[in-house]
Amino acid sequence: MTDAVPTASFHHTALVVSSLDDSIAFYQRCFGGELEAVLRDTGGPEIAALHGLDEARFDLAFIRYGGAVLELFQFHEPASPERVPTQANRIGDSHVAFEVDDVEAAYRRLLALGLEFPRPPLRVQEGDAAGFDLVFTSDPDGNRIELIAPPPPEPRPRPAMVVNLRIAAERREEFLELIAAVGAATAAEAGSEEWVLHESSEDPASFWLYERYADDDAAALHHDQPQLQNLLSKLGDLVSEPPLIVDLTTR
């Protein structure tokens, strides 16, 4: 049994800013979001009492980011005192956190927009946990902003190969027609990442094929391709010597 108040979800966090319009422009320029509402010259005695103030008159905006909202206040009465810089370990100090797909990419993009950072992104990891990447910056009023993301997945090994084919001179045109059909079909395969046929500049009978696939299933799918099977069924008559095949793994 708990005495906690039942809650449905986290709703919003609020920041006091010196200029509502400038802050709306900053947050939407840097972090997007949907501007849901802007309230001008609102407040009054009852609202003031809610905030523990003698009076309250302010402008207010709501920017939605997914399931949560960022609320921005610009107070006119009483006017906000000038911000005193504080350290992150001060009780009551707070920050806004945005989850992004890639912290490093977001960091570079925000640097280009003129934002300043105390240090580059950091990967934090405890034990065997996957951890997360994070970096901190600030808005124009010094409100701290965190960018956070799970680290990108480790590159998955992808099957690849290089094949050298020496084609009999009298079968060259037949080979080119067959391999062109294979290339056209391969271009339509979802798991085919690269398929390039090279012709030797010194030996017109020598062809080098480089191919790479997203995973083993994609490579197997390619191997079963009808156009490739047709080429393989005739390959013995097309080549002047056995093909050279080098299996590779791309990381």
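The values are calculated or read from the model by the stated rules, or taken from the named source; none is laboratory data. Values in this document were obtained by computation on a predicted structure and should not be read as measured data. Cβ sites come from the backbone with ideal geometry, for glycine too, and all protein chains shown count toward neighbours. Note: accessible area is taken over every heavy atom of the protein model, side chains too, but ligands, DNA and RNA are not part of it. Shrake-Rupley method; radii C 1.70, N 1.55, O 1.52, S 1.80 Å.
Size of the stretch 132-251 from its Cα atoms: along the principal axes, largest to smallest, the extents are 77, 32, 22 Å.
Rolled with a 1.4 Å probe across the full set of protein chains, the surface gives residue 26 an accessible area near 20 Å². What's the long-distance tail for the chain, i.e. % of Cα pairs beyond 34 Å? It works out to 50 percent of all Cα pairs. Radius of gyration (Cα atoms) of the stretch 188-251, expressed as a multiple of 2.2 N^0.38 Å: 1.23.
Quick one: go through the stretch 129-152 and flag any residue whose amide nitrogen is under 14 Å from the point 7 Å out along the Cα-to-Cβ line of residue 111. Within reach of a label on residue 111: 135-137. Heavy-atom accessible surface of the chain, averaged per residue, reaches 64 Å², computed with a 1.4 Å probe.
Ordering 134, 152, 121 by the projection of their Cα atoms onto the charge dipole of the stretch 111-173, which places +1 on the Cβ of Lys and Arg and -1 on the Cβ of Asp and Glu, puts 152 at the extreme positive end.
Using a 1.4 Å probe on the protein chains only, how many percent of the accessible area of the stretch 92-241 belongs to carbon and sulfur? Carbon plus sulfur share of accessible area: 52 percent.
For the stretch 96-161, the ratio of Cα radius of gyration to the globular rule of thumb 2.2 N^0.38 Å stands at 1.34. Derived value for the stretch 174-220: Kirkwood hydrodynamic radius 11.7 Å. Basis is the mean of 1/r over every pair of different alpha-carbon atoms. The share of accessible area on the stretch 18-66 that comes from carbon and sulfur is 49 percent, using a 1.4 angstrom probe. Using the Cα coordinates of the stretch 19-64, the gyration tensor eigenvalues translate into equivalent-ellipsoid semi-axes of 25, 9, 8 Å, sorted from longest to shortest. With N the number of residues in the stretch 105-199, Rg(Cα) / (2.2 N^0.38 Å) evaluates to 2.00.
Listed peptides 143-155, 42-54 appear in the order 143-155, 42-54 once ranked by packing, highest mean of other Cβ atoms within 10 Å at the front. Here, the stretch 1-88 yields an orientationally averaged convex hull projection of 8.3 nm² when only Cα atoms define the hull.
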